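Accompanying notes for the structure given below.
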Amino acid sequence: MKLNIALLAGDGIGPEVIDQAVKVCNAVATKFNHEINWTPALTGAAAIDAVGDPYPEETHQICLNADAILFGAIGHPRFDNDPSAKVRPEQGLLAMRKKLGLFANVRPTFTFPSLIDKSPLKKERIEGTDLVFLRELTGGIYFGEKGRRDEGETAFDNCVYTREEVTRIARKGFELAMQRSKKLCCVDKANVLETSRLWRETVQGLEKDYPEVEVSYEFVDAVAMRLVQWPNSYDVLITENLFGDILTDEASVISGSMGLMPSASVGLKAKLYEPIHGSYPQAAGKDIANPLATVLSAAMLFEGFDLNEEAQAIRNVVNKSLAEGVVTEDLSNGAKAYKTSEVGNWLAENI
Ligand code: IPM
Ligand code: MG
């Protein structure tokens, strides 16, 4: 297969972890006879510095024309403590999601047998955890009207959802549940929020189209609790944008390191693959960041083209690196830590 991939490295450790994923993808392409053309494009603080826009039109066109997008991370500390900054790197990410119609964010959480002791949670609680969040990504409070009134003394962010927006993400949830254990949990706050009542009503209305799927409805606060108590009781969870943002960070610690969890964003005009961690500016340029979340995101990318053997080859080599201790310092337990680039080289060679 011939694949044109847009490469958005972004900020912080983004470029370093992306480099490793590219090495691994190229090794997969050689082994399985594919051709990958990479087109780099600017985003985030790097794009603000270069052209004053965190998601420039040129980058948008490259993304639209690509078969898929591999994304690193965006964010820079110089914006974090400056609430008055007019242009922020994160706006680039949100603009990209909206303009590409990436409404479904797929965030799996699973454990690695060789890392089970790295988790802050007790082993018997998390063993066998294998769940997927489907987070709605282009609506809700992130994109509702926001602003100030009363001379700046009052601020507001509106949370808005249409039935159509809920329906399309819910259908994806039902379809994913059908491919897995046929269990779907709708996470909302329907005891308080009108948007949540629309979610619940819409999902209830779709149940008849998927009679085999067992649906449960749970409030977000209860899910936050049960997620760390009995994560292995969940399978597919669907939720709105902000709840999904918070719960997927919470879920990511189950595996033992945030540097491990991949994600995919799909929808109308593009497919984007990215690690769920951020730009980790403290580690930028030091060649110490864990590249595995990005490498595993590349595995999801291959899966997006039904190249399942290729995806499995990546997962196998990642498992092998973990089992053999070819890991960055976040996972090395005081033993020899490999550099980001060394882990990437090792993975590519072992493909
Ligand atoms: C994420 C991030 C983003 C979000 C930020 C960087 C805008 O936290 O992808 O989860 O809130 O969606
Ligand atoms: Mg987040």
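Take Met300, Met1 and order them by how many other Cβ atoms sit within 10 Å, fewest up front. Before the final figure, lay out each step's value.
Numbers: Met300 21, Met1 14.
Ranking Met300, Met1 by Cβ neighbours within 10 Å, fewest first, gives Met1, Met300.
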| said: Spelling out what I want: for every residue of the range 46-58, take phi, set θ = phi - 60°, compute 6.51 cos²θ - 1.76 cosθ + 1.60 (Karplus), and round to whole Hz; glycine and proline get x. | reply: 4, 6, 4, 4, 7, 9, x, 9, x, 9, x, 4, 4
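In what order do Tyr338, Tyr273 fall by count of nearby beta-carbon atoms within 10 Å, going from fewest to most?
Working: Tyr338 20, Tyr273 26.
So the residues, fewest neighbours to most, are Tyr338, Tyr273.
Once the mean 1/r over all distinct Cα pairs of the range 221-351 is inverted, what Kirkwood radius in angstroms do you read off?
Taking every pair of different Cα atoms in the range 221-351, averaging 1/r and inverting gives 16.1 Å.
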| Tyr210 long-range amide H proximity, modeled H, under 5 Å | none
| query | log₁₀ I(q)/I(0) of the range 150-213 at q = 0.15, 0.19, 0.25 Å⁻¹, via Debye over equal Cα point scatterers, no solvent, to two decimals? | reply | -0.52, -0.73, -1.07
| message | Please report the spacing between the Cα centers of the range 1-80 and the range 249-293 in Å, no decimals. | response | 14 Å
| query | What are the extents of the Cα atoms of the chain along their three principal axes, listed from largest to smallest and rounded to whole Å? | reply | 53, 48, 41
| task | Report, by chain and number, residues whose modeled amide H sits under 5 Å from the one on Thr328, excluding near sequence neighbours (fewer than 5 apart, same chain). | result | Tyr338
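Can you pull the semi-axes for the range 106-257, root of five times each eigenvalue of the Cα gyration tensor, sorted largest first, whole Å? Provide the component values of the computation, followed by the final result.
Details: eigenvalues 161, 90, 27 Å².
Its equivalent ellipsoid spans semi-axes of 28, 21, 12 Å.
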| query | What residues qualify as long-range amide H neighbours of Ile36, i.e. H under 5 Å apart, gap of 5 or more or another chain, H built at 1.01 Å from N? | reply | Leu3
| note | Computed over the chain, the relative contact order (Cα-Cα under 8 Å, seq sep at least six) in percent reads 24 percent
| task | Report the relative contact order of the range 236-351, percent, no decimals, based on alpha-carbon pairs under 8 angstrom and at least 6 residues apart. | result | 21 percent
| remark: Calc'd 3J(HN,Hα), the range 340-351, phi into Karplus 6.51 cos²θ - 1.76 cosθ + 1.60 (θ = phi - 60°), Hz, glycine/Pro = x, comes to 3, 5, 5, 4, x, 4, 4, 4, 4, 5, 7, 5
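Suppose every Lys and Arg Cβ carries +1 and every Asp and Glu Cβ carries -1, with no other charges. What dipole size does the chain come out with about its Cα centre, to the nearest 20 debye?
Values: 37 positive and 50 negative charges, 76 e Å.
Value, rounded to 20: 360 debye.
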| field | Lys/Arg +1, Asp/Glu -1 at C-beta; the range 106-257 dipole; positive extreme among Leu134, Thr239, Gly152 | value | Leu134
| field | 3J(HN,Hα) from dihedral phi, the range 181-192, Karplus parametrisation 6.51/-1.76/1.60, rounded to Hz, x for glycine, proline | value | 9, 6, 10, 10, 10, 9, 9, 8, 9, 5, 6, 10
| Can you give the relative contact order of the range 106-257 as a percent, counting alpha carbon pairs under 8 Å and 6+ residues apart? | 38 percent
| request: Taking the Cβ of each residue in Ser255, Ser114 as the centre, tally the other Cβ atoms inside 10 Å and list the residues starting with the fewest. | output: Ser114, Ser255
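Where a number appears in this text, it was derived from the coordinates with a stated rule and is not lab data. Only a predicted model underlies this, so the values are computations on that prediction, with no experimental measurement involved. Don't worry about glycine lacking a Cβ; one is built from the backbone with ideal geometry, like all the others, and counts go over all protein chains shown.
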